[in-house]
Amino acid sequence: IPEGKEEMFDKLPTQYSHLYLAIEDKLAAVICIEDPVRPEASKVIARLKELGISKVVMMTGDSERTAKAIAGIVGVDEYYSEVLPEDKAKFVEKEKSLGRKVIMIGDGVNDAPALSYANVGVALGSTRTDVAMEAADITITQDNPLLVPGVIGLSKNTVKTIRENFAMVIGLNTFA
């Protein structure tokens, strides 16, 4: 870091990924790259929690600094940074081994292994990644994460209806 620029370097925005350019071992520039947080992200997280999902985790390949900033904005319970595809899959396996039901939501090739290991894998069709869509149990073809809580709510209602109908059939058969 050039002399006298330390304070400027320390104040770089944390929500951006940083690329450093050095000339002859001296920092010459920092390029800040923004992968903007989707405006509906925090609303999706809130709705998932309203549906009874007790632990919402964000796993990203981004740096710790960027992941921490984004996690704070969207309101997840935990976050993991600099995660590789196999790490996502191991995390899903670990959670399942602890007796937890895991819903994995992803949209790319890097998510495919974890999508296939999850109890329910949900692929967002925004990138139309065939591998992720094949690995998932559910594919949402629109690029709209707000549909995920709706799909989960719909599936809960479907299971409830099946159970009620099954109980009614058993009751009627028993009565008959």
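Inclusion of Ile45 among residues that are surrounded by 12 or more Cβ atoms within 10 Å (Cβ to Cβ), among the aliphatic types (A, V, I, L, M) and out of contact with any Asp or Glu (no Cβ under 8 Å at 6 or more places or on another chain) is warranted.
In region 1-27, which residue that is touching a Leu at 6+ places or on another chain (Cβ under 7 Å) and either in a helix (DSSP H, G or I) or open to solvent by 60 Å² or more (accessible area, probe 1.4 Å) (or both) is nearest to Ala69 (Cα to Cα)? Full working, then the answer.
So the first thing to find is which residues in region 1-27 are touching a Leu at 6+ places or on another chain (Cβ under 7 Å), and the list is 1-2, 18, 20.
Going one step further and asking which of them are either in a helix (DSSP H, G or I) or open to solvent by 60 Å² or more (accessible area, probe 1.4 Å) (or both), we end up with 1, 20.
Values: Ile1: 23, Tyr20: 19 Å.
By that ranking, first place goes to Tyr20.
Quick check on region 150-166: of everything there that is β-branched (Val, Ile, Thr) and under 15 Å from Ile103 (Cβ atoms), which residue is most open to solvent (accessible area, probe 1.4 Å)? Among residues in region 150-166 that are β-branched (Val, Ile, Thr) and under 15 Å from Ile103 (Cβ atoms), the one most open to solvent (accessible area, probe 1.4 Å) is Val159.
Only residues that are among the hydrophobic types (A, V, I, L, M, F, W, C), closer than 19 Å to Lys49 by Cα and open to solvent by less than 70 Å² (accessible area, probe 1.4 Å) were counted in region 68-97, giving 5. Of all the criteria given as (1) out of contact with any helix residue (DSSP H, G or I) (no Cβ under 8 Å at 6 or more places or on another chain); (2) surrounded by 13 or more Cβ atoms within 10 Å (Cβ to Cβ), the one not satisfied by Val30 is (1).
Looking only at residues in region 119-135 that are touching a Leu at 6+ places or on another chain (Cβ under 9 Å) and modelled with pLDDT of 85 or more, the one that is surrounded by the most Cβ atoms within 10 Å (Cβ to Cβ) is Ala123.
Among the residues of region 98-116, the ones that are in a helix (DSSP H, G or I) and either in contact with a Leu (Cβ under 8 Å, 6 or more places away or on another chain) or buried (at least 19 other Cβ atoms within 10 Å of the Cβ) (or both) come to 6 in all. Just one of the numbered conditions (1) surrounded by 15 or more Cβ atoms within 10 Å (Cβ to Cβ); (2) of a type in the set (A, V, I, L, M, F, W, C); (3) within 21 Å of Thr141 (Cα to Cα) is not true of Val57: (3). Within region 61-98, which residues are without any contact (Cβ under 8 Å) to a residue 40 or more places away in the chain and of a type in the set (A, V, I, L, M, F, W, C)? Scanning region 61-98 gives Ala67, Ala71, Val74, Val76, Val83, Leu84, Ala89, Phe91, Val92, Leu98. Inspection of region 121-128 identifies no residue that is assigned to a loop (DSSP other than H, G, I, E, B), among the small types (Gly, Ala, Ser) and under 19 Å from Ser54 (Cα atoms).
The values are calculated or read from the model by the stated rules, or taken from the named source; none is laboratory data. Values in this document were obtained by computation on a predicted structure and should not be read as measured data. Counting neighbours? That spans all protein chains shown, and the Cβs are built from the backbone with ideal geometry, glycine included. Note: areas computed on protein heavy atoms with side chains; ligands, DNA, RNA excluded. Shrake-Rupley method; radii C 1.70, N 1.55, O 1.52, S 1.80 Å.
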